[in-house]
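Single-structure report; data block below.
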Amino acid sequence: MARHFKNHVHYTDPDTGQVTRFQPGEECPEEIELEIDENNFIALEDYAAQQKASYGSLNKEQLVALAAERGLDVEGTKAELIVRLEQSDGALS
């Protein structure tokens, strides 16, 4: 079963030294799952619910930044941005 990150996680490959940054809600690759602390995982549906609950408390500038991070349209009202982000959350599950 796929596991998803609760927080930003930086993983350094012990063989190559390459650093990979994972975003909250992003799926953890199976090959590194056992090396990641258990507290860094969250059920995807729980992550989406947390995101939806917190959108209303953000200002428009913060919502625009989240939308841009996800490659979504950043134009429109605060309500329109929230709808777009919620739809994006639905696409994650």
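The values are calculated or read from the model by the stated rules, or taken from the named source; none is laboratory data. Since the model is a prediction, treat every value here as computed from it, not as a measurement. Positions of Cβ are generated from backbone atoms using ideal geometry, with glycine treated the same way; all protein chains shown enter the neighbour counts.
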Report task. Scan (1) in contact with a Phe, Trp or Tyr (Cβ under 9 Å, 6 or more places away or on another chain); (2) modelled with pLDDT of 85 or more for the single condition PHE5 breaks and write down its number. Result -> (2)
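Residue-wise test of (1) outside any strand (DSSP E or B); (2) surrounded by 16 or more Cβ atoms within 10 Å (Cβ to Cβ).
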position	(1), (2)
ALA2	yes, no
THR20	no, no
ASN39	yes, no
TYR47	yes, yes
**Report entry** Flag if ARG84 is surrounded by 11 or more Cβ atoms within 10 Å (Cβ to Cβ), basic (Lys, Arg) and in contact with a Ser or Thr (Cβ under 6 Å, 6 or more places away or on another chain)
**Finding:** no
Report task. Report the residue count in the stretch 1-22 for those that are touching a residue at least 24 places away in the same chain (Cβ under 8 Å) and not basic (Lys, Arg). Result -> 6
Report task. Tell me, please, whether a residue that is modelled with pLDDT of 85 or more and polar (S, T, N, Q) can be found in the stretch 40-48. Result -> no
